[in-house]
Amino acid sequence: MGSLPNLEAPPPSSSRISTVVPATPRCEEKGEHNLNYMDLLMKLHYVRSIYFFDSEAVQGLTISDLKTPMFPLLDLYSHVAGRVRIAKSGRPFIKCNDAGVRIAESQCDKTLREWLDENEYSVDELVHDHVLGPDLAFSPLVFVKFTSFKCGGLSVGLSWAHILGDAFSAFNFITKWSHILAGQSQPKSLHIPNLVKPQFLSNFVFDNPISIKNENVVGEYWLAANDCYVPSHTFHITSSQLHHLVKTTKSITNTDTKYFEIISATIWKCIAQIRGDIGPKVVTICSKNKNTSKCAENEFPTNDILLSKIETNLRPEEYNILDLMNLIGEKKINENYALEKLVEKGDGKDDFFVYGAKLTFVDLEEADLYGVKLNGKKPIRANCDLRGVGDQGVVLVFPGPEDDDGNNGRMIKVSLPGKELDQLKYKLEREWGIQHYASLTF
């Protein structure tokens, strides 16, 4: 079963929770935010991100300073401060009622270095344990948690209901908070992207999409269930390791090749070898929609992503990284049209999950996790993950911190059943020199 909020165990550090609402009450202007088919597909998932700042970046900032920007921010993101309601038809929507987002304040009795040494890049405990339910009318869609460390450092943890928008939308939200904190002027409203309706294209599938799975056991909480324990681990690949990976796979001959494709193909091959004859011969690619007109920085949050399937008939021992890269880069079959029809057929009442329905690779290479700044300083570490991952697992690929030479490596967040994750750590270190622990010097 999926891990639900632990309501009985005491927190690891002292904590208190408050609510922040939009600076300008809507009154009679309060309305409803209708959810599109992709929002409804993602309703059992959550985006979580964490940002670690040293004492120098936090110098002079009080908890009041950190909370104050949330008020004008929610004027821009008014529906984020709303609550989910269920229409008479059974279709969910968001009531823009200014109910607010939750702010959690915690004190940790460890220094930042001690925490990182013990927990590496983990987001657990520093991001609020957030799930919609059991009473949707009182369930906040967003939690922001500020944790102060004994050394004066600070972590900022965001838990974002995926029904609001994709990971890019979540990162934009917390980045804009830091911009307001820094005194930067903000637009009066957000740009609403021109969402492109799925078209009848040659690379679309129209029936029986496999990128999602129907969830039949959703109870009081909106969270995908698991048949086994699915832990997560973060791998940091430096820029030099990336260059070695490119050289080893000879993928440098293709100048259009993305690191995402190289990394995904490498991990796909490893997991296939671990699972043997049971797969995965079919995987899902989750990527940013390149065809939509967007204004990235001031963009209204949306779930504007493409879900594609890839299939292969090869046996695991026949997997070749270059062949898998070609499948990922050139042979994706877009399932968005079929997914829209499936959701609309049930008028949004059905429950589905995406991440981990099949082994899922999520392309976040264009995400800017280091755009969040305090006192003009970037976080010394940042990470993200997804909550509500199915048993087939998920792999996130996103930029890492700058190396000593000024280049960015990649972070890989992998969620897999426990034994498979342990085997993957071993294979990546033995075969590719990618250590299963993170370098935490700073």
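Conditions tested, residue by residue: (1) surrounded by fewer than 19 Cβ atoms within 10 Å (Cβ to Cβ); (2) closer than 20 Å to Asn298 by Cα; (3) at pLDDT below 95; (4) in contact with a strand residue (DSSP E or B) (Cβ under 6 Å, 6 or more places away or on another chain).
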residue: Phe53; (1), (2), (3), (4): no, no, no, yes
residue: Leu61; (1), (2), (3), (4): yes, no, no, no
residue: Leu66; (1), (2), (3), (4): no, no, no, yes
residue: Met70; (1), (2), (3), (4): no, yes, no, yes
residue: His79; (1), (2), (3), (4): no, yes, yes, yes
residue: Ala104; (1), (2), (3), (4): no, no, no, yes
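Based on what the data block shows, is Leu44 in a loop (DSSP other than H, G, I, E, B) and surrounded by 13 or more Cβ atoms within 10 Å (Cβ to Cβ)? Spell out how you get there, then give the answer.
Values: in a loop (DSSP other than H, G, I, E, B): yes; surrounded by 13 or more Cβ atoms within 10 Å (Cβ to Cβ): yes.
Judged against the criteria, Leu44 is a match.
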- Take the residues in the stretch 171-200 that are of a type in the set (Gly, Ala, Ser), at pLDDT 80 or above and in a loop (DSSP other than H, G, I, E, B), then tell me which one is nearest to Thr24 (Cα to Cα). Ser185
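Yes/no per residue for (1) modelled with pLDDT under 60; (2) in contact with a helix residue (DSSP H, G or I) (Cβ under 7 Å, 6 or more places away or on another chain):
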residue: Ser202; (1), (2): yes, no
residue: Asp207; (1), (2): no, yes
residue: Ala224; (1), (2): no, no
residue: Asp227; (1), (2): no, no
residue: His233; (1), (2): no, yes
residue: Thr253; (1), (2): yes, no
- Take Glu118 and decide whether it is more than 19 Å from the chain's Cα centre (by Cα), modelled with pLDDT of 95 or more, surrounded by fewer than 19 Cβ atoms within 10 Å (Cβ to Cβ) and closer than 30 Å to Thr234 by Cβ. no
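Of everything in the stretch 382-404, what is among the polar types (S, T, N, Q), in contact with a helix residue (DSSP H, G or I) (Cβ under 8 Å, 6 or more places away or on another chain) and under 14 Å from Val354 (Cα atoms)? Give them in sequence order.
Answer for the stretch 382-404, where residues must be among the polar types (S, T, N, Q), in contact with a helix residue (DSSP H, G or I) (Cβ under 8 Å, 6 or more places away or on another chain) and under 14 Å from Val354 (Cα atoms): there is none.
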- Message: Going through Tyr370, Tyr319, Tyr355 one at a time, which residue ends up being outside the structural domain of Thr111 (by TED's automatic domain parsing), over 24 Å from the mean Cα position of the chain (by Cα) and buried (at least 16 other Cβ atoms within 10 Å of the Cβ)?
- Response: Tyr319
- Query: Out of Asn313, Asn326, Asn336, which single residue is in contact with a Lys or Arg (Cβ under 8 Å, 6 or more places away or on another chain) and polar (S, T, N, Q)?
  - Reply: Asn313
- Query: Does the stretch 24-41 hold any residues that are exposed (fewer than 14 other Cβ atoms within 10 Å of the Cβ) and in a loop (DSSP other than H, G, I, E, B), and which are they?
  - Reply: Thr24, Pro25, Lys30, Asn34
- Message: Would you confirm whether or not the stretch 427-442 contains a residue that is in a strand (DSSP E or B) and not assigned by TED's automatic domain parsing to the domain that holds Val47?
- Response: no
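Per-residue answers, yes or no, for (1) out of contact with any helix residue (DSSP H, G or I) (no Cβ under 8 Å at 6 or more places or on another chain); (2) modelled with pLDDT of 95 or more:
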site	(1), (2)
Val101	no, yes
His128	yes, no
Asp135	yes, no
Phe143	yes, yes
- Task: Can you tell me which residue within the stretch 91-128, out of those that are of a type in the set (Val, Ile, Thr) and in a loop (DSSP other than H, G, I, E, B), is nearest to Met411 (Cα to Cα)?
- Result: Val123
- In the stretch 130-168, residue nearest to Asp98 (Cα to Cα) [restricted to those that are part of a loop (DSSP other than H, G, I, E, B) and within 15 Å of the chain's Cα centre (by Cα)]: Leu141
- Sort through Ile328, Ile305 and tell me the only one that's in contact with a Ser or Thr (Cβ under 8 Å, 6 or more places away or on another chain), buried (at least 21 other Cβ atoms within 10 Å of the Cβ), of a type in the set (Val, Ile, Thr) and closer than 22 Å to Ser239 by Cα. Ile328
- Taking the condition in a helix (DSSP H, G or I) and either surrounded by 22 or more Cβ atoms within 10 Å (Cβ to Cβ) or assigned by TED's automatic domain parsing to the domain that holds Lys373 (or both), does Lys413 pass? no
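The values are calculated or read from the model by the stated rules, or taken from the named source; none is laboratory data. None of these values were measured; they are calculated from a predicted model. Counting neighbours? That spans all protein chains shown, and the Cβs are built from the backbone with ideal geometry, glycine included.
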